Structures are given as C-alpha cells and as structure tokens.
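One structure below.
Quick note: the coordinates plus some simple rules give every number you see, no bench work behind them. Remember, it's a predicted structure, so these values are computed and weren't measured experimentally. A quick note on method: Cβ atoms are made from the backbone with ideal geometry, for glycine too, and the neighbour counts reach across all protein chains shown.
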Amino acid sequence: MKKILLILTIIFCAFAFASAQTTGNKGSRSDNAEQEIKQLMSEIDEAHRQSDAAAFDRIWADDYVLTDWRGSVKNRAEALAEWKGGEHKYESYQSDDIKVRVYGDTAVVTARVTRKSRSDPKNMGQFRHTRVFVKQHGRWRLVATQVTRIAQQ
C-alpha cells in the first residue's frame, strides 16, 4: 500500500511540475507577444499621424480587410491605394484603453482611438477599434480591423 501511495505521489508531482512548466512558458510567450503587439499599435498610430503608407504595407497581411467607421469594407489593395493617394491625413491620432488577448499565433486587440482628420471633417472624435493580428513567418501581421464610432452623450 505504501508503494502505491508513493508511486501516486510521484506521478502527481510530475504532472504538477509539467503543468507549471507549460504554464510558465506560455505566460512568457504571451507577455512577449503582448509587448510586440502594443509596439505595433504604437507604430500604427504613428503611421496614421504621418500618412505613412509604407508602414501599413509592412504591417498589413496580404489578406488584410478593413471595415471602416462608415461600414465600408476594403481589402488590402483598396485601403493601401487610399493611403498612397493621400486620401487620409490626420491632425491627431492616439490609441488608449488598449487590451491585448493572445491565443497562440493570434492576438485580438480592442482599443479606443481619439482622432482628428484634416482630410475629412466627419472623421473625428472617438472610435473603438478591434484589430486581429496573426503571427506569420515569425512576425505579427494585421489581418483585420473593424472601426466603430463611439456615440456622443
């Protein structure tokens, strides 16, 4: 009986140790991913302020899709053409209330964006963004963005 109890104790400890190791590794990978995504969010803000189409070209995945604040859906080529054509210019653009949830090689980000457009006077105020990033070939790429205006009280 003592042998069985000893064997069960050893097995339990081994499982507990393996579980702790797995959780620890995932936690650190998740923390690193969260920091990388937050850095990309900062780069996206800066790209909006600078009208930097090259930054979007680098960050967006090949199958990127945007649902803008008006409800229009644009693929990568359409959205990039607007940036290259100078259709978007911002006086200010700043994200806050950023929440990153990482699921393996996918990350879902929600944020509030306060912006003021120089090219479209209706495109100002506060908006909620949901962005989906996927890790492709060792780097995070933005695959989808959905924008909703926050109703004014």
query: Could you give the distance between the Cα centres of the range 36-114 and the range 118-153, to the whole Å?
result: 6 Å
task: Considering Cα pairs under 8 angstrom that are at least six residues apart, work out the relative contact order of the range 22-153 and quote it in whole percent.
output: 23 percent
- prompt: Relative to the present Cα-Cα distance, how much length would full extension add between Arg58 and Gln136 at 0.36 nm per residue of separation?
  reply: 26.8 nm
task: Give the long-range amide H neighbours of Ser51: residues separated by 5 or more places, or on another chain, with amide H under 5 Å away, using H modelled in the peptide plane at 1.01 Å from N.
output: Tyr90
field: Packing-based exposure ordering (other Cβ within 10 Å, fewest first) of Met124, Met41
entry: Met124, Met41
